[in-house]
Amino acid sequence: MTLNTEELVKLSKEMNWSIPELAKKIGVDYSHLFRVLNKDKGAGVKLLSGVYNLCLEYGLDVNKYIFLNKPLSANNVNRTKKPTGTEGR
């Protein structure tokens, strides 16, 4: 997953939130969010889940702020080889 940092900054401006206020609403340290917004660091699970929860709380479209790197497969079948009991013979 990738965070759309440009849209997140835009949201903070539209809502009149400072970056420290946005970090608090997301549930991460300001310094971490600052590094992510400056592309010095990746988002991570805590920040992504915080953005997701922020979207739910404010009725925002999560797809505008978080991108999936690859589309999820519609066929979620486990493709690993199952043991047959004849291995090693």
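The values are calculated or read from the model by the stated rules, or taken from the named source; none is laboratory data. Just so you know, these numbers come straight off a predicted model, no measurement behind them. Positions of Cβ are generated from backbone atoms using ideal geometry, with glycine treated the same way; all protein chains shown enter the neighbour counts. Remember, those area values only see protein heavy atoms, side chains included, never the ligands or the DNA or RNA. Shrake-Rupley method; radii C 1.70, N 1.55, O 1.52, S 1.80 Å.
How much FRET efficiency would the formula 1/(1 + (r/R0)^6) give for Asn69 and Asp29, where r is the Cβ-Cβ distance and R0 is 25 Å, rounded to 0.05? Efficiency at R0 = 25 Å is approximately 0.50.
In square angstrom, what is the accessible area per residue of the stretch 16-62 with a 1.4 angstrom probe? Could you put the intermediate results ahead of the total?
Working: 2910 Å² over 47 residues.
I get 62 Å² per residue for this part.
Extending 7 Å from the Cα toward the beta-carbon at both Tyr52 and Met1 defines two label points whose distance is 0.4 nm.
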